[in-house]
Amino acid sequence: MTSLRRATAQAPANIAFIKYWGNRDHRWNLPQNASLSMNLDGLYAETTVTWADDQPSDTLVLNGESASQEALARVSTHLDILRSRLNIRSRAEVISKNNFPMGAGIASSAAAFAALTVAGTAAAGVELSERELTTIARIGSGSASRSIPTGYVEWHLGEAHENSFAESIAPPEHWALIDVIAVVSQAHKRVGSKAGHRSADTSDLQAARVAGAASRLAVCRRAVLERDFATFAKVVEHDSNLMHAVMMTSDPPLFYWLPPTLAIMESVRNWREDGLHVCYTLDAGANVHCLCEQSSADAVRSALQTIDGVVDVRMASAGQGARLISG
Ligand code: DP6
């Protein structure tokens, strides 16, 4: 008899204030430093997992199309982790969609692996703690661990799989920060984060970046908890610049910035001097995340729209973590 077990979960993208870049252990995604982020409301992956006893192999439909072998292999590897933890042997049918451009500096793998972990677990009829779900999601994509808890989230360094987990440090309503995302490229990035984490140690600057990460995180955590925008802006921009300095000095060098990226970064610094509460941060892509207090968000959006090379502007406030839609 065929038995089908199905669940659907939604998980948000997140933007890191203190970045994760480089692993101590690549198989388990144990990071070289702890990181801190905010979930992005309204930018999410929605994933349905069906464990089907009579299916010969895993299948993946991504944004309405049958996924590439590469994407399927990565999802299947994560399903193996879930099968082993949940004690099941069935293959899965996975249907996932994102409502934002993939591979363009908005962390699609974070949302995808958080949603896959939550839906896959629920579809198997198993209840795991949020903490454990974050550790499992982390194996699929490091930053996915931060897309499960709500609001502002810290991913702890941890010595081993069990204690490299993420937890909320404040709910979304604690601080009305808005991420005004200047999209300058919707192309899929040439070198993804996975390869970048592996090459981070080839940069002489990585050791220095990692050495200072814990103290930057402490400054940033406190700034978030105290809603101290000036301190927040300084440490967030510094941390993003450090990560990109590592990227540019790695072998092979990774240059994610495009000319409009640099123009936006300079404008953001000027706007802050003029009194707007805004700072920038970038992930592994050319798009610029302009983090603002709510009072400055509309002005920042209008100003971004006048910059050459900005093809779209998206706004996302601090949001909830992953949630089960059905199952
Ligand atoms: C630059 O966790 O997305 O966004 O999924 O393994 O490719 P993989 O890596 P991922 O790396 C995120 C890197 C970053 C910084 C951050 O989000 O902390």
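Bear in mind that the values in this text are calculations on the coordinates, not laboratory data. Computed from a predicted structure; not experimentally measured. As a convention, Cβ positions derive from the backbone with ideal geometry for all residues, glycine included, and neighbour counts pool all protein chains shown.
One table, with the values for the structure above:
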{"item": "Calculated from backbone phi, Karplus (6.51, -1.76, 1.60) coupling profile of the range 288-303 in Hz, x at Gly/Pro", "result": "10, 8, 9, 8, 10, 6, 3, 4, 9, 5, 5, 5, 5, 4, 4, 5"}
{"item": "Rg/Rg_globular for the chain, with Rg_globular taken as 2.2 N^0.38 Å and Rg from C-alpha atoms", "result": "0.96"}
{"item": "In degrees, nearest ten, helix 229-248 long axis to first principal axis of the chain (Cα)", "result": "70 degrees"}
{"item": "Cα-based helix-to-principal-axis angle, 108-123 vs the chain, degrees rounded to 10", "result": "30 degrees"}
{"item": "GNM top mover of GLY212, GLY142, GLY158 - the chain, alpha-carbon springs below 10 Å", "result": "GLY212"}
{"item": "Whether the range 223-264 is rounded, prolate or oblate, judged on the alpha carbon gyration tensor where a/c under 1.5 counts as rounded", "result": "oblate"}
{"item": "Student exercise, the range 178-317 dipole from Lys, Arg, Asp, Glu Cβ charges, in Debye to nearest 20", "result": "380 debye"}
{"item": "Neighbour cut-off at most 12 other Cβ (10 Å), DSSP loop, chymotrypsin sites (Phe, Trp or Tyr not before Pro), the range 156-234", "result": "none"}
{"item": "DSSP loop trypsin sites (Lys or Arg not before Pro) with at most 10 other Cβ within 10 Å excluded, longest remaining stretch of the chain", "result": "191-327"}
{"item": "Dipole in debye (nearest 20) - the chain, about Cα centre, beta carbon charges: Lys, Arg +1; Asp, Glu -1", "result": "460 debye"}
{"item": "Residue-wise HN-Hα coupling along the range 7-24, computed from phi with Karplus coefficients 6.51, -1.76, 1.60 (Hz; x: Gly, Pro)", "result": "8, 10, 10, 10, 9, x, 6, 9, 10, 7, 8, 10, 7, 9, 8, x, 10, 7"}
{"item": "Of PRO56, PRO253, PRO172, the one that fluctuates the most in a GNM where the chain has Cα springs shorter than 10 Å", "result": "PRO56"}
{"item": "Anisotropy class of the range 178-317 from Cα gyration tensor, a/c 1.5 cut", "result": "oblate"}
{"item": "Over the range 4-173, equivalent-ellipsoid semi-axes from the Cα gyration tensor in Å", "result": "24, 17, 15"}
{"item": "Size of the range 104-187 as Cα extents on the principal axes (Å, biggest first)", "result": "40, 31, 26"}
{"item": "Most mobile listed residue (THR134, THR121, THR231) in the chain, GNM with C-alpha springs under 10 Å", "result": "THR231"}
{"item": "Net charge, ILE178 excluded, C-beta distance under 11 Å - Lys, Arg +1, Asp, Glu -1", "result": "-2"}
{"item": "Straight-distance crosslink candidates among lysines, where the alpha carbon sits under 16 Å from LYS194 and sequence neighbours closer than 8 are dropped", "result": "LYS19"}
{"item": "Sum of side-chain charges, GLN206 neighbourhood, beta-carbon under 13 Å (Lys, Arg +1; Asp, Glu -1)", "result": "+1"}
{"item": "Cα-derived Rg over Rh, computed across the range 98-244 with Rh taken as Kirkwood radius", "result": "0.96"}
{"item": "Crossing angle, helix 130-140 versus the chain [Cα axis fit, 0-90 degrees, rounded to tens]", "result": "90 degrees"}
{"item": "Computed [θ] at 222 nm, deg cm²/dmol, the chain (DSSP H ≥ 4; -39,500 (n - 2.57); rounded to nearest 500)", "result": "-12000 deg cm²/dmol"}
{"item": "At R0 = 30 Å, FRET efficiency that the Cβ-Cβ distance of GLU132 and ASP274 yields, to 0.05", "result": "0.05"}
